Amino acid sequence: MSTTVAEFHTVVESLWPTRYAEGWDAPGLISGDPDDEVDRVLLAVDAVRATVDEAVSTGADVLLTHHPLLLRGVTSVAETTSKGSLLATLIRSRCALIAAHTNADIVDDGTSSVLAKRLGLLDQQPIVPGEREGTGLGRVGRLEHPLALGRLALALGELLPATATGIRVAGDYDQEIRTVALCGGAGDSLLDHPAVTAADVYITSDLRHHPASEARERALVGSGPALIDTSHWASEWLWLDTAAAQLRSALPDVEVVVSELRTDPWEFVITQ
């Protein structure tokens, strides 16, 4: 029996309900005919030219991304605009576009939980609990055995796909790490949370100069974590394999593929 876009979207909703997304977020069905059939799905972090072309060239009926293409309002989807061009390509190819963003961040087996499990964190809990038990933003837990900050950063580098910017660390290489707080994607809004300031290290992405500097200065006069800054794309890409497995279990007749394309925006760095 064939699966329709509407039926596939129902499964997505059952796994990552949009009603629990952050108020500013825009996940869900972005484009596509609900009555179209779905035989093949491509998962990616971003809806960009490379992943849209991959979806079309490989015959995908749905492109499921983590980041919503229309997160911020637009006044035109003309093909002279980047987003309009992507939508036109998908619509002409009858490839639906669906996003699962903060609604997929907060769940068990969501972006942060997957990263915490891959690092082997024990007794992990959300940093900011959600409406449902066990859900929420970020995760905090403890390592089974203490580890030097530098060794933890190296282990993280082995878990994450390589990017031009690599992994940045603020803290002493030999600092002993027992408790870890983390947030997949951009997480500097949680730097002041008690669960983060009480941890030995905070792992997240897109840390800006001033919030990171202030967090490190506070650590000098009181308490506060070392910081590990990773690629935003890389920290969330790990979740795609878990999401794909969940979709395959729910829809065994649908082929679900994870894109291997790197959509981190940075191409190279110059070290000084």
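The values are calculated or read from the model by the stated rules, or taken from the named source; none is laboratory data. Every value quoted in this text rests on a predicted model; they were computed, and no experiment measured them. Every residue, glycine as well, gets a Cβ built from its backbone with ideal geometry; the counts of neighbours run over all protein chains shown.
Taking residue 151, is it among the charged types (D, E, K, R), part of a strand (DSSP E or B) and surrounded by fewer than 17 Cβ atoms within 10 Å (Cβ to Cβ)?
No, not satisfied.
Suppose the filter is over 22 Å from residue 51 (Cα atoms), under 14 Å from the mean Cα position of the chain (by Cα), assigned by TED's automatic domain parsing to the domain that holds residue 128 and β-branched (Val, Ile, Thr); does residue 230 pass it? No, not satisfied. Among the residues of region 127-145, is any in contact with a Gly (Cβ under 9 Å, 6 or more places away or on another chain), assigned by TED's automatic domain parsing to the domain that holds residue 31, in a strand (DSSP E or B) and not hydroxyl-bearing (Ser, Thr, Tyr)? Looking through region 127-145, none of the residues is in contact with a Gly (Cβ under 9 Å, 6 or more places away or on another chain), assigned by TED's automatic domain parsing to the domain that holds residue 31, in a strand (DSSP E or B) and not hydroxyl-bearing (Ser, Thr, Tyr).
Each row is one residue, and each column tells you yes or no for (1) in the same structural domain as residue 91 (by TED's automatic domain parsing); (2) over 30 Å from residue 134 (Cβ atoms); (3) over 16 Å from the mean Cα position of the chain (by Cα).
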{"site": "19", "(1), (2), (3)": "yes, no, yes"}
{"site": "34", "(1), (2), (3)": "yes, yes, yes"}
{"site": "37", "(1), (2), (3)": "yes, yes, yes"}
{"site": "63", "(1), (2), (3)": "yes, no, no"}
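Every test in (1) under 23 Å from residue 112 (Cβ atoms); (2) surrounded by fewer than 20 Cβ atoms within 10 Å (Cβ to Cβ) is passed by residue 81 save one, and that test is (1). Taken together, the criteria place residue 176 among residues that are out of contact with any Lys or Arg (no Cβ under 9 Å at 6 or more places or on another chain), among the acidic types (Asp, Glu), on the phi < 0 side of the Ramachandran plot and modelled with pLDDT of 95 or more.
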